[in-house]
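What follows is a single structure, written as C-alpha cells, with notes after it.
The values are calculated or read from the model by the stated rules, or taken from the named source; none is laboratory data. Predicted model, so just to flag it, every value in this text is computed and none were measured. Every residue, glycine as well, gets a Cβ built from its backbone with ideal geometry; the counts of neighbours run over all protein chains shown.
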Amino acid sequence: MKKKEQRFPGGVHPTDGSDKKLSKDAPIVSFVPEIIELSMSQSGGSLCEPLVAVGDHVERGQLVGQPKNFTAVRLHASVSGTVTEIRTETKGPMEVPLLVIKPDKEQPEEQEKPYQKEWVSIDGYSKEELVSIMEEAGITGMGGAGFPAHVKYKTDKPIEYILINACECESYLTCDYRMMLEHGMEILNGVHALLKAGGAKKAVICTEDNKQDCAEHLRKLMEGQKAAIEVMVFPTKYPQGGERQLIQAATGKELRAGGLPADAGVIVSNVQTAKAMADAVFGGIPCISRCITVTGLVRKPGNFLVPLGTPLRELLHKCGGPAKLNNKAVLGGPMTGSCIGHQVKCADLTQSVTKVSGGLLILFNEGMEESPCIRCGSCMKVCPAGLTPWKIDFALRKGDIDLCHKLYATECIGCGCCSYVCPARRELSPNTVKARNDVRAMLRERGTK
C-alpha cells in the first residue's frame with residue numbers, strides 16, 4: 001500500500017531515530033519479579049477497592065479490585081501468591097491502597113493456544129458478549145490514557161472505523177514495535193474481536209514509516225483472510241498517535257471542539273489493548289500484564305512483558321541500572337511522561353508497572369530555566385490542536401480562567417510540542433494542561449459544558 005500523506009497540522013520531529021535504536025532490536029523478555037506491588041489506581045483518577053486481605057492466597061487472574069469510580073476497571077491478581085501487606089500511598093488527592101503479593105515459586109504454566117499462532121473465528125460471539133468480556137477482563141486503554149475500553153465500545157452511536165494506534169510516536173519507546181513483531185497474530189485476532197465489538201465496518205491498524213517492517217509483517221499474517229482489517233503507514237511525525245490526529249490522518253474527519261471519536265463514527269484503541277482483548281476472549285486471561293520499554297541512560301536497554309505490579313526498580317536492575325548518576329527518571333515517554341526522580345539508583349524507584357506504563361526512561365538531567373516569552377509564535381506553529389499556547393500560559397499565570405476558556409484551552413491534548421520548541425524554555429505544555437483542567441472544573445461547577 002502507498003504510504004499515506006500527513007493530514008494533521010502542527011507536530012514536531014523530536015529525534016533522528018537514534019533514540020529508538022537503543023531498544024528496537026531487543027527481543028521481549030518475560031519474567032516474574034520477586035514481589036508484586038499492585039496499585040488500586042491503574043491510571044489517572046481511577047480507584048479500585050481491594051477484595052482481599054493480608055494473608056489471603058490469590059490465584060493468577062483472580063479478581064482482587066472492584067472499581068469505585070467511572071474511570072476505573074476491574075483489577076486482577078497478576079501472579080499466584082500470598083498477600084503480605086496492604087498499604088496506602090498518596091496519589092494526588094487520593095489515598096490509594098496497594099497490594100503487596102509474594103509470588104509462589106511455581107506459577108501456573110502457560111500453554112500455547114491457537115489464537116497465538118493462527119486466525120481464530122469469532123462467529124460464536126455476539127457484539128454484546130465481546131463488550132461484556134472486555135469489561136469482565138478489566139481491559140483499559142493501554143496507550144497512556146487508561147480510559148475503560150468497554151465504555152468506548154458501549155456507545156449507541158454508529159461506528160464506521162476501529163482505529164488501532166500502533167504509531168508509538170513517543171521517542172525512545174519500542175514496546176509496541178516489539179509486540180507487533182513477536183505477538184502479531186494475537187494482536188490481529190484481538191483487532192478482529194474489537195471490530196465486531198464495535199459493530200464497525202472496518203478496522204485500520206495505523207503505524208508510522210519507521211516501523212515499516214511491522215506493517216509488512218502484519219500484512220503477511222493477514223494474507224488469505226477476509227477480515228475487514230487494513231494496515232496504513234503514515235510519515236513519522238509526533239504526535240501522530242494522538243487520538244484526534246490519528247482520526248484526521250486515517251479518515252480525513254476532524255472532530256468538533258469538545259467532540260468524542262464516536263461522534264465521528266470512530267473508536268481508537270491501542271495495539272496492546274488489542275493484544276489484551278485477544279487474551280481475554282480466546283485465552284480466558286484478564287488484563288494482568290503488559291510490555292514496557294526500559295531505555296535511555298541504562299547499561300542494557302530492553303523490552304519486558306511483565307505482570308502488573310512489577311516494581312520499576314527490578315526492571316531497572318534487569319537493565320544494569322543507570323549508566324550516569326546525573327539523571328532523571330521518566331515514567332512514560334519524554335514528551336508526555338512524568339518525572340519520578342532525579343539522580344536515581346535502582347532502589348530509589350518506588351513505583352510499579354500499571355496498565356498504562358509504556359516506558360521507564362533514564363535521561364540526562366538538563367537544567368531548565370525559564371526566560372521571558374519573546375512572542376516568536378513557534379508554539380502556535382507546532383500545536384496540533386491549533387491553539388495559542390503562549391496566550392493560554394499568560395492567562396493562566398494571571399489567574400484568568402475565563403480567558404483560558406475563550407482561548408479553547410479545553411482542546412489541549414498535552415502532547416508537549418509547545419514546550420519542546422519554546423526557545424525561552426517556558427512551561428507551556430504543563431500550564432496549558434493545567435488551564436484545560438481548571439476550565440473543565442470551572443464548567444462543572446457552573447453546570448455547563
**OP:** Check residue 79 against each of (1) touching a residue at least 24 places away in the same chain (Cβ under 8 Å); (2) over 17 Å from residue 304 (Cβ atoms) and name the one condition it does not meet.
**Re:** (2)
**OP:** Could you list all residues from region 327-368 that are touching a Cys at 6+ places or on another chain (Cβ under 9 Å) and polar (S, T, N, Q)?
**Re:** 336
Subject >> Tabulated pairs, region 281-303, first surrounded by fewer than 22 Cβ atoms within 10 Å (Cβ to Cβ), second assigned to a loop (DSSP other than H, G, I, E, B) and of a type in the set (Lys, Arg), C-beta under 6 angstrom, 6+ apart or interchain >> reply: 283/113; 297/324
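Suppose we filter 120, 83, 52, 96 for residues that are over 20 Å from residue 290 (Cα atoms) and in the same structural domain as residue 184 (by TED's automatic domain parsing); which single one remains? Working first, answer last.
Details: 83 fails: in the same structural domain as residue 184 (by TED's automatic domain parsing); 52 fails: in the same structural domain as residue 184 (by TED's automatic domain parsing); 96 fails: in the same structural domain as residue 184 (by TED's automatic domain parsing).
Going through 120, 83, 52, 96 in turn, just one is over 20 Å from residue 290 (Cα atoms) and in the same structural domain as residue 184 (by TED's automatic domain parsing): 120.
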**OP:** Check every one of the strands (runs of 3 or more DSSP E) wholly within region 4-84 and list those with 1 or more residues that are among the small types (Gly, Ala, Ser).
**Re:** 28-30, 36-39, 63-67
**OP:** Collect the residues in region 315-336 that are within 19 Å of residue 300 (Cβ to Cβ) and in a loop (DSSP other than H, G, I, E, B), keeping them in residue-number order.
**Re:** 319, 320, 321, 323, 324, 325
Original post:
Considering 65, 55, 61, 17, which residue is buried (at least 17 other Cβ atoms within 10 Å of the Cβ) and at positive phi?
Top reply: 61
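Return yes when residue 197 is at pLDDT 95 or above, of a type in the set (A, V, I, L, M) and in a helix (DSSP H, G or I) and no when it is not. Write out each step before concluding.
On the way: at pLDDT 95 or above: yes; of a type in the set (A, V, I, L, M): yes; in a helix (DSSP H, G or I): yes.
It is true that residue 197 is at pLDDT 95 or above, of a type in the set (A, V, I, L, M) and in a helix (DSSP H, G or I).
What number of residues within region 337-367 are surrounded by fewer than 22 Cβ atoms within 10 Å (Cβ to Cβ) and outside any loop (DSSP other than H, G, I, E, B)? Quick ask: steps written out before the conclusion?
Step one: of region 337-367, the residues surrounded by fewer than 22 Cβ atoms within 10 Å (Cβ to Cβ) are 338-351, 363-367.
Of the ones still in play, those that are also outside any loop (DSSP other than H, G, I, E, B) are 338-342, 346-348, 363-364.
Matching residues across region 337-367 total 10.
Among the residues of region 43-59, is any of a type outside the set (Ser, Thr, Tyr) and within 29 Å of residue 297 (Cβ to Cβ)?
Within region 43-59, one or more residues are of a type outside the set (Ser, Thr, Tyr) and within 29 Å of residue 297 (Cβ to Cβ).
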**OP:** Can you tell me which residue among 78, 23, 41, 30 is among the polar types (S, T, N, Q) and either at pLDDT below 95 or surrounded by fewer than 19 Cβ atoms within 10 Å (Cβ to Cβ) (or both)?
**Re:** 30
**OP:** State all residues of region 425-449 that are part of a loop (DSSP other than H, G, I, E, B), of a type in the set (Lys, Arg) and over 19 Å from residue 378 (Cβ atoms); if no residue qualifies, say none.
**Re:** 449
Subject >> residue 343 being assigned by TED's automatic domain parsing to the domain that holds residue 42, out of contact with any helix residue (DSSP H, G or I) (no Cβ under 8 Å at 6 or more places or on another chain) and not hydrophobic (A, V, I, L, M, F, W, C) >> reply: yes
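So which helices (runs of 4 or more DSSP H) are wholly in region 368-424 and hold at least 3 residues that are more than 20 Å from residue 13 (Cα to Cα) and without any contact (Cβ under 8 Å) to a residue 40 or more places away in the chain? Walk me through it before giving the result.
Details: elements: 378-382, 389-397, 401-406, 417-421.
The qualifying helices (runs of 4 or more DSSP H) are 389-397, 401-406.
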